[in-house]
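The values are calculated or read from the model by the stated rules, or taken from the named source; none is laboratory data. What you are looking at is a predicted structure, and each value in this text was computed from that prediction instead of being measured. A quick note on method: Cβ atoms are made from the backbone with ideal geometry, for glycine too, and the neighbour counts reach across all protein chains shown. Note: accessible area is taken over every heavy atom of the protein model, side chains too, but ligands, DNA and RNA are not part of it. Shrake-Rupley method; radii C 1.70, N 1.55, O 1.52, S 1.80 Å.
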Amino acid sequence: MLTIPIFAFSLTHPGRKFIIFLLNIRSKSMSSVPYSRYLIYPVTWYSFLIVVGASLALFFSCREEKYARLPRDTVLDLALWLIPGGIIGARVYYVVFSFHQFQNDLFSVFRVWEGGLAIYGGIIAGLLVLFIFCRRRNISFLLLCDIIVPGLALAQAIGRWGNWFNMEAYGLPVSGSFPCFFPFAVQIPADGYTWHLATFFYESVWDFFVFIFLLLTRHTLLNRRKGDVFFFYLFLYAAGRLIIEELRTDSLYASSVRISQLFSAVLCTFILFRYRLSSVKPVKKHPFSFIILFPLAVISVIVIICYSLFGHSYFMLSVKHTVILLSVCSVLMVFGLCSVYFPRDLQEVENADHCA
């Protein structure tokens, strides 16, 4: 280890400054607590990362616009409405389900840079804006959804790091055999520097893998019908969120139900049955997929919901075993979707599109 400082001071003065700069970045990146909420005062990391994510999403969407042969600047025109509409929707969703945090200071509702954006609220508002835009421009709604969602997944992966700088969206407290170091866990100063699951990091990684999958398959495996890329994005994101939401300590609730977890379960169930019912002759060609994998996927959704509502009282599973249970259910759900999507013949899909 002594070779690093010796090498650094053997360099010229600019060289020494550069090496010390890299070492400082490394030491900060390995810390379990962010060194500051601000990139450059008054610009917060949270706001900066949202802008970076939105810019990259716009870049990828513009590339897809050319591939889809849409009119030039369609995505740019849409972004002028979609980005602010999505942010407003994400904020409204968060405020509605956590109004107790704002009732004593209503002006804090507008301090978005302090955190408090719910992804599902942004998606719902974004889809509403997108639908109106498509109606006015006479553009296929599902086609435009397919163009946007890969970049959206990347934007979510980047934006989640804003939660780290704000020290929010973390998970259950951990200790003992669990790896208590970042990025597996994070220390929360407000909780006496107790180690908690770094659930924001887990979701960031999951969103990034969703982005990579959609990026690599959008023109090959997922090009059978308009909307397939969009529905796969919704399903994959929801499948990961079902697990991660169960591990968080700051979920938004409707009564005793985690609202994002319930919404994820509804999405997964809807998409599973959508593709199951759209297949014309699946059982004779692929009996294992439709008789085994699809029911297992549906059962997995039910298990996750039942566990979130009643499982803690009856089973008292540790954090480790909870993660294993939910992960197995999520994997079965993904296999279930693949089992009812990929066996369909291309001709069968084209006929269904023609009938629609």
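Quick notes on this one:
- Any chance Val75 is within 26 Å of Leu222 (Cα to Cα), open to solvent by less than 50 Å² (accessible area, probe 1.4 Å) and out of contact with any Phe, Trp or Tyr (no Cβ under 8 Å at 6 or more places or on another chain): yes
- Of all residues in the range 154-182, those that are closer than 25 Å to Gly122 by Cβ have Cβ atoms under 6 Å from Cβ atoms of residues that are open to solvent by 40 Å² or more (accessible area, probe 1.4 Å) and among the basic types (Lys, Arg), 6 or more apart or on another chain, in Phe165/Arg37.
- Considering the range 100-181, the qualifying helices (runs of 4 or more DSSP H), each wholly inside and each with 3 or more residues that are open to solvent by 40 Å² or more (accessible area, probe 1.4 Å) and modelled with pLDDT of 90 or more, run over 119-137, 141-159.
- Contact annotation: residue pairs with Cβ atoms under 7 Å, 6 or more positions apart or on different chains, pairing a residue in the range 226-248 that is within 30 Å of Met316 (Cβ to Cβ) and free of Cβ contacts under 8 Å to residues at least 40 places away in the same chain with a partner that is of a type in the set (A, V, I, L, M, F, W, C) and open to solvent by 10 Å² or more (accessible area, probe 1.4 Å), are Ala238/Leu267.
- Residue among Phe232, Phe270 that alone is crowded, with 19+ Cβ neighbours inside 10 Å, under 30 Å from Tyr67 (Cα atoms) and at pLDDT 90 or above: Phe232
- The range 182-198 - residue that is at negative phi and assigned to a loop (DSSP other than H, G, I, E, B) and, of those, nearest to the chain's Cα centre (by Cα): Ala198
- Flag if Ile83 is of a type in the set (Val, Ile, Thr) and open to solvent by less than 60 Å² (accessible area, probe 1.4 Å): no
- Sole exception among (1) among the aliphatic types (A, V, I, L, M); (2) more than 15 Å from Glu246 (Cβ to Cβ); (3) at pLDDT 80 or above; (4) surrounded by fewer than 18 Cβ atoms within 10 Å (Cβ to Cβ) for Val280, by number: (3)
- Residue count for the range 182-209, restricted to those that are surrounded by 20 or more Cβ atoms within 10 Å (Cβ to Cβ), in contact with a Pro (Cβ under 6 Å, 6 or more places away or on another chain) and either closer than 18 Å to Ser36 by Cα or of a type in the set (S, T, N, Q) (or both): 2
- Tyr275 vs. criteria crowded, with 17+ Cβ neighbours inside 10 Å, modelled with pLDDT of 85 or more, in a helix (DSSP H, G or I) and among the hydroxyl-bearing types (Ser, Thr, Tyr): yes
- Residue match in the range 30-46 (condition: open to solvent by 50 Å² or more (accessible area, probe 1.4 Å), modelled with pLDDT of 90 or more and not in a loop (DSSP other than H, G, I, E, B)): no
- Residue selected from the range 237-272 under the condition over 15 Å from the mean Cα position of the chain (by Cα), in a strand (DSSP E or B) and of a type outside the set (Gly, Ala, Ser), by the criterion farthest from Phe335 (Cα to Cα): Tyr253
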